[in-house]
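To start, the structure itself, in structure tokens.
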Amino acid sequence: MQRFVDLLTRRWWLTVLVVAVGLFALIQLVPYRVDNPPVVNEPNWDSPQTRALAVAACFDCHSNESKPLWFEKVAPLSWWITNHVKEGRGALNFSEWGTSGQGESDDIVESVREGAMPPSNYTWFGLHKDAQLTPKQRQQLVDGLQRTLAQSGGHRGG
């Protein structure tokens, strides 16, 4: 009798495993991934250094030049990343600068100055190391964004 129960238990776990793997494979077919539409317009950057810092710290979520890591393309994580990028682009999109006039330009500078951007979870587990700004880099980005905004008349797209 115990042997029969052990066989049923193994079969049950095998069935669960096969179903789980099948569902995981099936959800990969849902085409909800980060896309990168063409760049429409970028700000008139005050310097190449400011742009480089913005690319490192901001562009994955706030531009049409996102570069998800390989595992961020695997569902269901890809669904979360895609929503995050869409929200980020909705708040600020460096690739569509000046096209919609949404939001307050001071928010960009304040978010970086206060450390809210890039968010700390973006660099967890050693990921996106180039986005881990030193205090000096953070200040350089703040100063550069202020100059860039001043050159652009404070108008930005979102």
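Nothing in this text is a laboratory measurement; each read-out follows from the coordinates by a stated rule. Computed from a predicted model, the values in this text were never measured in an experiment. Glycine also receives a Cβ, built like all others from the backbone with ideal geometry; neighbour counts cover every protein chain displayed.
Between the listed residues LEU14, LEU26, SER63, the Cα displaced farthest toward the positive end of the dipole of the chain, a dipole computed from Cβ unit charges relative to the Cα centre, is found at LEU14. Across region 41-125, Cα pairs under 8 Å and at least six residues apart give a relative contact order of 37 percent.
Can you give the net charge of the other residues whose Cβ lies under 15 Å from the Cβ of HIS84, counting K and R as +1 and D and E as -1? Result for the local shell: +1. How about LYS67: which aspartates and glutamates have a C-alpha closer than 19 Å to its C-alpha, ignoring those fewer than 8 places off in the same chain? Candidates past the 8-residue exclusion: ASP35, GLU42, GLU87, GLU96, ASP130. The alpha carbons of the chain occupy a box of 81, 31, 23 Å along the principal axes, longest dimension given first. Structure remark: mean-square fluctuation, Gaussian network model of the chain, C-alpha springs under 10 Å; the largest value among ALA52, ALA116, ALA131 belongs to ALA116.
Taking 29 Å as the straight-line reach from the Cα of LYS73, the lysines in range (excluding those fewer than 8 positions away in the same chain) are LYS86, LYS129. Along the chain, counting only GluC sites (Glu not before Pro) with a DSSP assignment other than H, G, I, E or B and at most 14 other Cβ atoms inside a 10 Å radius, the longest segment between sites is 1-64. Here the Gaussian network model covers the chain, with springs between Cα atoms less than 10 Å apart; of VAL85, VAL34, VAL112, VAL112 fluctuates the most.
In this simple spin-label approximation, TRP79 and ALA116 carry label points 7 Å from Cα along the Cα→Cβ vector, and these lie 2.8 nm apart. Computed over the chain, the per-residue total of -39500 (n - 2.57) for DSSP H runs of n ≥ 4 gives a 222 nm mean residue ellipticity of -16500 deg cm²/dmol, rounded to 500.
The label-point distance for GLN151 and GLN132, in a model that sets each label 7 Å from Cα toward Cβ, rounds to 3.0 nm.
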